[in-house]
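Working notes, beginning with the structure itself.
The values are calculated or read from the model by the stated rules, or taken from the named source; none is laboratory data. This one's a predicted model, so the numbers in the text were calculated from it and none came from an experiment. Note: ideal-geometry Cβ built from the backbone for every residue, glycine included; neighbour counts use all protein chains shown.
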Amino acid sequence: MKNFKKNKEDFTCDKCGFFVIGNGYTNHCSGCLWSKHVDIIPGDRLATCQGLMEPVKFEKTGKDESLVHRCIDCGYEKLNKLSKEDNYDKVISLVKKNI
């Protein structure tokens, strides 16, 4: 993404309290898979909403595995790639929920 701003930040998940060690591309909790609506352009931290974003769907396109997150405050949806640190039991539960 042309305007992507890499931010290597650690954070505590506002949903489950899990401490996440960021890698510069981390945009959701690897424990519960929830995110927070903080960006307009990935990494900019300029979104004023700040609502929690629920993982609502799993998508696989080619080799990419992603989650669709939906903001519970404003309804904004964003596709986010999974990482090897993510809780795949939670991913499997989400896949089963969407079948």
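Answer with yes or no whether C29 is touching a Cys at 6+ places or on another chain (Cβ under 7 Å) and over 19 Å from E85 (Cα atoms).
Judged against the criteria, C29 is not a match.
Filter the range 65-94 for residues that are at pLDDT below 95, among the polar types (S, T, N, Q) and part of a loop (DSSP other than H, G, I, E, B) and give the result.
S83
Every residue in the range 60-83 that is of a type in the set (D, E, K, R) and under 13 Å from the mean Cα position of the chain (by Cα), please.
E65, R70, E77, K78, K81
Filter the range 1-29 down to residues that are within 17 Å of L79 (Cβ to Cβ) and among the polar types (S, T, N, Q) and give me whichever is farthest from the chain's Cα centre (by Cα).
N3
Among the residues of the range 12-27, are any touching a residue at least 12 places away in the same chain (Cβ under 8 Å), within 26 Å of I99 (Cβ to Cβ) and either in contact with a Lys or Arg (Cβ under 6 Å, 6 or more places away or on another chain) or in a strand (DSSP E or B) (or both)?
no
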